[in-house]
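For reference, the structure discussed in these notes is given below.
The values are calculated or read from the model by the stated rules, or taken from the named source; none is laboratory data. Predicted model only: the values in this text are computed from it and were never measured. Cβ: placed from backbone, ideal geometry, glycine included. Neighbour counts: every protein chain shown. When the accessible area is computed, the model is the full protein with side chains, heavy atoms only, and any ligands, DNA or RNA have been set aside. Shrake-Rupley method; radii C 1.70, N 1.55, O 1.52, S 1.80 Å.
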There are 2 protein chains.
Amino acid sequence: MVQNPYNIDLDRTPANYQPLTPLSFLERAASVFPQHIAIVHGALRRNYAEFYARSRRLASALAQHGIGRGDTVSALLPNTPAMLECHYGIPMSGAVLHSINTRLDAAIIAFQLDHAMSKLVIVDGEFMPLLQAALTLAKVTPRVIQSDDPEFDDPRNPVVANDYEAFLASGDPEFDWLMPEDEWDAISINYTSGTTGDPKGVVSHHRGAYLLAQGNALTTSMSKHAVYLWTLPMFHCNGWCFPWTMSVIVGTHVCLRQVRAEPIWNALADEGVTHLCGAPIVMSLLISAPDDVQRALDRTVQFFTAAAPPPEKLLADMQQAGFNVTHLYGLTETYGPAVVNDWHKSWSDLPPARQATLKARQGVRYLPLEGLDVLDPDTMRSVPRDGVTLGEVMFRGNVVMKGYFRNPEATKKAFAGGWFHSGDLGVVHPDGYIQLKDRSKDIIISGGENISSIEVEEALYRHPAVAVAAVVAMPHEKWGETPCAFVELAPRQAADAETLRNWCRQHLAPYKVPGRFVFAAIPRTSTGKIQKFVLREQAQDLAG
Amino acid sequence: MVQNPYNIDLDRTPANYQPLTPLSFLERAASVFPQHIAIVHGALRRNYAEFYARSRRLASALAQHGIGRGDTVSALLPNTPAMLECHYGIPMSGAVLHSINTRLDAAIIAFQLDHAMSKLVIVDGEFMPLLQAALTLAKVTPRVIQSDDPEFDDPRNPVVANDYEAFLASGDPEFDWLMPEDEWDAISINYTSGTTGDPKGVVSHHRGAYLLAQGNALTTSMSKHAVYLWTLPMFHCNGWCFPWTMSVIVGTHVCLRQVRAEPIWNALADEGVTHLCGAPIVMSLLISAPDDVQRALDRTVQFFTAAAPPPEKLLADMQQAGFNVTHLYGLTETYGPAVVNDWHKSWSDLPPARQATLKARQGVRYLPLEGLDVLDPDTMRSVPRDGVTLGEVMFRGNVVMKGYFRNPEATKKAFAGGWFHSGDLGVVHPDGYIQLKDRSKDIIISGGENISSIEVEEALYRHPAVAVAAVVAMPHEKWGETPCAFVELAPRQAADAETLRNWCRQHLAPYKVPGRFVFAAIPRTSTGKIQKFVLREQAQDLAG
């Protein structure tokens, strides 16, 4: 066999090959537009030179404390400037960013810290008590650095750890930060909610983060100096990679500690926001705000929504209020959005109900995702494009995770047959757009947060009066969905809704506590399996 | 040494790793927007489904004729739909696209065909005589496929080879085209003009083409369904990768056989063109067109220019006519533009002359280029950012070529010290923007002082009587070298050597004033580049 002549004497060299990493986007933004405002947070304005220098200080301070390649650094932070700095400074030290959902309970946080072998935690003052509770349960003893945010004015938590600003001050703003040795090196770990068994640590790499960050800008038509409002929590899948996307187009981040209507409307009107992301709950919040809170917008704002299809009425209201809503879909395992409801201009001429139906579909592959399909998981064959035949949604390509941390069994299972198995069930329409129909795991999505029904059931099962528990989603006006618990009591035991609600409050994060408890016989199949679809119908009726 | 835990059991698999290739952009565009118009050429309209199917047919037909990985397929074509198909169909067969400049002479084309070991040539009917002349000189005997373009209405060349449409018809529109085995695989070869010695074959790979294609869209803020007019020849560095960029944003190509004012203005007005590229000569063509040819534009059109800094007057005229001009810079070795004059909004408030001065600078690195600097080639140290100290412009990163084909010596020399040596001399301004001052071989060294021929030419261009100026070194008994200026006068203008000498004395340091002024037609290459080596010979004789 003759060797391909185009492979002779044409090897990779330092001149023509570098690992892809989103960290280089910030270096470029700071060198070309040092004075451009990178971060807005309340009255605070920080330009790209400062953002980059502070990120390098963070990397340097971490390195001085012995943090390096392969170490995990955790962040328990709301959408503050410190959280943005963590997205650059932590990987610039060679370490891996572990963002923790601030709404989790102490036990799960302890599990994550242990599993990720966390060496250091950067925590916002508000969540210091939560972290302290987690640390009493954890085996690891990470160093703790507390970030105090001037926009958080509840002084109940005086500094009890090393101060973040002092930590940064000890670092070198000219630090020669570490490029990844390979673009396949890990940049972050994010734990999934763990519907079955323990949470799984999804490892992302620099290559995928680089590609999805650019894919976001291209998909959302973000042009130079776009302004992004942080309604999406950055602890969700690295804010879907938007902390890195904004450096691609040298844009401005508008931070937000809390998702409330008034600061959102003010940021939209006063800061020139062009793009934001969020679950439908954020749209409801915007639309249902009192008239004196809502503001007139002088531009169409791009709103990207995921988690649940946007309802027709909400879409109409959003359009009226000056937003263009795009529906995205993805998982932590795909770096966030890897599917987009790529809109056809001609669809805008259809009746609103038809438009909402089309917009409810999850859509087509993101540019940096090479493969998206709905397959029969047994045969690994594509389902027909009939909009009816159910299969499992599967992904393949460069924005699929590196794998699950310290869990080769789960990784192997997830990648069986050369595709990432999402666990989501869907169909393919004749035009190739996919639509989710159900979740093979019974996830409840409340205010954009995934709630595992199994976790809630397990908490209920621990109460002595509970014989059988089954939890399903019940529609909820504000949160989209809320857990509804069906309970069969054990013989000679008594408990009422109030008792179980209190029990759950002690054992679960508040948002996971069922909104309703139903005491009744639970329907089963002949083989004894609980018929959750029957319960879901009942919950639907109860909510109605 | 403990192994990095993030590298254990987290290997590449088919589920999470695919070679980056711009070919996948077309597959996506065709699957999501099959009916969107991909190509406009005169009255012809072809949608993405057709564009993709025809590209697959081409790949299939090539495969049927034994073309595969590592083979070279040449294209001698103007900016027609066939040329766009070659950018996808040829690499889809596993082969390497070799685009030939249609303005070259037969001997150089013969050299390229031999050096690239071309297996097959796709040629436009207009250039069949040129190819035939080249083939009489070449050692290789590639198969010839002739593409006849209905927009070319000179019937002097009846089909004398295999017909392109018949060739395509023999291919399978559902052909299972070849992904690259590795993203480092070659996608194209482009020969540099070779002002010194033989032309060199610049090999590009799929990874770089993918990244630059996306970089173009991000840098030029191209949004979904942008419309691109083909004033830039596609045989120049693969049309700077725009054949692939347009599939990223599912845009429309407007083809153009010839760069003439009327069809350009018509396309701008009638086809909704949003972006085009070209040398300053294209701007002059647009601006100097008669009033009845110029059309009113209902949008700002983005014009990207390279090759020479756009003069102030031209910039003002272009702005007046509805264009926004951006200055780019790059080489065939960097896939085309790798440097952009990234404009700061605040600069638009400066006086026009100052704006032109700022816009004349080449600028900063493109997003997918990791490193750009001006270095002393002896010490490989950065020059100070003083806007004065001359050094060699160097590049490093993923959009630097794979290397020169069958020329390991030249490749090694070009990549010495871990940087690609451009051969261009430049300075770095305090804000980090680079500016070219000369080709290293065009520098004039007089009494130990470096004189930039460009600087002297710019001074001459500011004189109203000067239409074209070219300055080269002339041997000088005392100073070693002195500048010698060749000048073409503008129509109905007069000036003599004394006038221009006085003019230069007012605008240049005394040692930079040319020792001799020659009024004559200036020799150019087929691509319109001034042939300085011819002028240098003339200057030598004049001094002799």
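Miscellaneous remarks
- For segment B:220-230, filtered to residues that are touching a strand residue (DSSP E or B) at 6+ places or on another chain (Cβ under 8 Å) and at pLDDT below 95, the residue that is most open to solvent (accessible area, probe 1.4 Å) is B:SER221.
- Filter result (within 30 Å of A:LEU375 (Cβ to Cβ), of a type in the set (Gly, Ala, Ser) and surrounded by fewer than 22 Cβ atoms within 10 Å (Cβ to Cβ)) within segment A:453-480: A:GLY480
- Filter result (over 20 Å from A:ASP149 (Cα atoms) and either within 13 Å of chain B (Cβ to nearest Cβ) or open to solvent by less than 60 Å² (accessible area, probe 1.4 Å) (or both)) within segment A:165-186: A:PRO173, A:PHE175, A:TRP177, A:LEU178, A:MET179, A:PRO180, A:GLU181, A:ASP182, A:GLU183, A:TRP184, A:ASP185, A:ALA186
- Counting only residues that are surrounded by fewer than 21 Cβ atoms within 10 Å (Cβ to Cβ) and either of a type in the set (Phe, Trp, Tyr) or at pLDDT below 85 (or both), segment B:285-309 holds 2 of them.
- Residue count for segment B:379-397, restricted to those that are without any contact (Cβ under 8 Å) to a residue 12 or more places away in the chain and either crowded, with 20+ Cβ neighbours inside 10 Å or of a type outside the set (Lys, Arg) (or both): 1
- Of everything in segment B:479-500 that is out of contact with any His (no Cβ under 9 Å at 6 or more places or on another chain) and in contact (Cβ under 8 Å) with a residue 40 or more places away in the chain, the residue that is nearest to B:VAL513 (Cα to Cα) is B:CYS484.
- Conditions (1) under 22 Å from A:LEU20 (Cβ atoms); (2) of a type in the set (A, V, I, L, M, F, W, C); (3) not in a loop (DSSP other than H, G, I, E, B): number failed by A:VAL364: (1)
- Selection count where residues are within 14 Å of chain A (Cβ to nearest Cβ) and either among the charged types (D, E, K, R) or more than 13 Å from B:GLY432 (Cβ to Cβ) (or both), scope segment B:367-387: 9
The rows are residues; the columns are (1) touching a residue at least 24 places away in the same chain (Cβ under 8 Å); (2) under 29 Å from A:GLY397 (Cα atoms); (3) not aliphatic (A, V, I, L, M).
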| residue | (1), (2), (3) |
| --- | --- |
| A:PHE303 | yes, yes, yes |
| A:PRO311 | yes, no, yes |
| A:ALA316 | yes, no, no |
| A:LEU331 | yes, yes, no |
| A:GLY336 | yes, yes, yes |
| A:VAL340 | yes, yes, no |
| A:SER348 | no, no, yes |
| A:ALA353 | yes, no, no |
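- Qualifying positions in segment B:499-525 - of a type in the set (Gly, Ala, Ser) and open to solvent by 50 Å² or more (accessible area, probe 1.4 Å): B:ALA521
- Residue ID - surrounded by the most Cβ atoms within 10 Å (Cβ to Cβ), chosen from residues in segment A:344-366 that are within 14 Å of chain B (Cβ to nearest Cβ) and touching a strand residue (DSSP E or B) at 6+ places or on another chain (Cβ under 7 Å): A:TYR366
- Boolean, A:SER204 is at pLDDT 95 or above and within 30 Å of A:PRO408 (Cα to Cα): yes
- Every residue from segment B:404-437 that is in contact with a strand residue (DSSP E or B) (Cβ under 8 Å, 6 or more places away or on another chain) and over 18 Å from B:GLU333 (Cβ atoms): B:VAL427, B:VAL428, B:HIS429, B:GLY432, B:TYR433, B:GLN435, B:LYS437
- Annotation note: of A:GLY417, A:GLY426, A:GLY432, the sole residue that is open to solvent by less than 10 Å² (accessible area, probe 1.4 Å) and under 23 Å from B:ALA15 (Cβ atoms) is A:GLY426.
- Any hit, segment A:259-275, residues being open to solvent by less than 40 Å² (accessible area, probe 1.4 Å), hydroxyl-bearing (Ser, Thr, Tyr) and touching a residue at least 24 places away in the same chain (Cβ under 8 Å): yes
- Taken together, the residues in segment B:526-543 that are open to solvent by 70 Å² or more (accessible area, probe 1.4 Å) and hydrophobic (A, V, I, L, M, F, W, C) amount to 1.
- Here segment A:20-42 is the region considered, the condition is being open to solvent by 20 Å² or more (accessible area, probe 1.4 Å) and either touching a residue at least 60 places away in the same chain (Cβ under 8 Å) or facing another protein chain (nearest Cβ under 7 Å) (or both), and the residue that is farthest from the chain's Cα centre (by Cα) is A:SER31.
- Sole residue being outside any loop (DSSP other than H, G, I, E, B), among the small types (Gly, Ala, Ser), open to solvent by 30 Å² or more (accessible area, probe 1.4 Å) and out of contact with any Pro (no Cβ under 6 Å at 6 or more places or on another chain), chosen from A:ALA133, A:ALA217: A:ALA133
Each row is one residue, and each column tells you yes or no for (1) in contact with a His (Cβ under 7 Å, 6 or more places away or on another chain); (2) of a type in the set (Val, Ile, Thr); (3) facing chain A (nearest Cβ under 9 Å); (4) under 27 Å from B:ILE187 (Cβ atoms).
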| position | (1), (2), (3), (4) |
| --- | --- |
| B:GLU392 | yes, no, no, no |
| B:TYR404 | no, no, yes, yes |
| B:GLU409 | no, no, no, yes |
| B:PHE420 | no, no, yes, yes |
| B:GLY426 | no, no, no, no |
| B:ASP431 | no, no, yes, no |
| B:GLN435 | yes, no, no, no |
| B:GLU449 | no, no, no, no |
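- When restricted to residues that are part of a helix (DSSP H, G or I) and open to solvent by less than 60 Å² (accessible area, probe 1.4 Å), segment A:482-498 contains 1.
- Residue within segment B:325-341 that is surrounded by fewer than 23 Cβ atoms within 10 Å (Cβ to Cβ) and over 19 Å from the mean Cα position of the chain (by Cα) present: no
- Subset of segment A:63-95 (residues that are farther than 18 Å from A:ASP149 by Cβ and in contact with an Asp or Glu (Cβ under 7 Å, 6 or more places away or on another chain)): A:ALA95
- Selection within segment A:367-378 - open to solvent by less than 40 Å² (accessible area, probe 1.4 Å) and assigned to a loop (DSSP other than H, G, I, E, B): A:LEU367, A:PRO368, A:LEU369, A:GLU370
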